[in-house]
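No lab work stands behind these numbers, since they all come straight from the coordinates. None of these values were measured; they are calculated from a predicted model. In this analysis, Cβ positions are derived from the backbone assuming ideal geometry, glycine residues included, and neighbour counts consider all displayed protein chains.
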Amino acid sequence: MGEKILEIKDLSFGYTKDKLLYRDFSLSLNKGEVVTIVGESGSGKSTLFELITSELKPLKGTIKVSKFAQIFQDPYSSFHPTYEILSQIKEVANIEKLDSYLEILNLDKELLSQKPHRLSGGQLQRCSILRALLQKPELILADEPTSALDNVVQLDVMKLLMRFLDKVGILMITHDEELAKWASDKIIRIGK
């Protein structure tokens, strides 16, 4: 496996000190690896991402993370509805590799001049992947990246994402056990 891009050691966190979501939780992830966090709603999956991105602070423990990009569950809420997709991508990423990624992701360049509501869920989620990859991350945080898509599109989107494992590692959260089994090098179950 490649270099370590995420290391969580002895993490403890709870919204109240008497009810912890995480107690002495540790995790490491290398480039080229897919690690999936599986758990029911409310088990703390999204909270873990908020801790990794520093939106929340742990009660104790350390998190060392390389450059990351995120892919969100709902592609429609991850883009502003009134701006063209390409201008939103340019705000956060360098577009020098745009054409090669468009080809890999099977996206028409013309779609990028549209506003998000003009695209299907699958097209827009591929735009989310494009935006994430153009940020040149070492780690992709994928929050239920296929849950808003139908089964055929789900598989296509995951296969596309996994084509980039030579450049990144992926930490994914999902409640979809079958997706986790198919895609993951390691599965970590959290919650009840």
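Values for this structure:
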read-out	value
Ranked by how many other beta carbons lie within 10 Å on average, peptides 165-176, 74-85 from highest	165-176, 74-85
THR82 paired with LYS57, simple spin-label distance in nm, labels 7 Å along Cα-to-beta-carbon	3.6
Label zone at TRP182, where the point sits 7 Å out along the Cα-to-Cβ direction: the stretch 140-170 residues whose backbone N lies under 17 Å	143-164
Length gained when the stretch LYS19-LYS136 is fully extended (0.36 nm per residue, less Cα-Cα span)	38.4 nm
Expected 222 nm ellipticity per residue - DSSP helices of 4 or more, -39500 (n - 2.57), all of the chain, to 500	-8500 deg cm²/dmol
DSSP beta bridges in the chain [antiparallel fraction, %, rounded to 5]	40
Rounded tilt (10° steps) of 151-162 against the dominant C-alpha axis of the chain	80
Residues of type lysines that LYS19 reaches as a straight line, Cα spacing below 18 Å, ignoring anything fewer than 8 places off in the same chain	LYS45, LYS57, LYS60, LYS192
Two-site label geometry, GLU110 and HIS175: point separation in nm, points 7 Å out along Cα→Cβ	3.9
Amide H partners (placed H, <5 Å) of ILE71, local residues excluded	LEU141, ALA142, ASP143
Partner lysines for LYS90 [C-alpha distance under 26 Å; skip if fewer than 8 residues away on the same chain]	LYS31, LYS67, LYS109, LYS115, LYS136, LYS159, LYS167
Estimated FRET transfer efficiency (SER41, ARG118; beta-carbon r; R0 35 Å; 0.05)	0.70
Karplus-derived HN-Hα couplings along the stretch 165-176 (A = 6.51, B = -1.76, C = 1.60, θ = phi - 60°), whole Hz, x at Gly and Pro	5, 6, 10, 9, x, 10, 10, 10, 10, 7, 10, 8
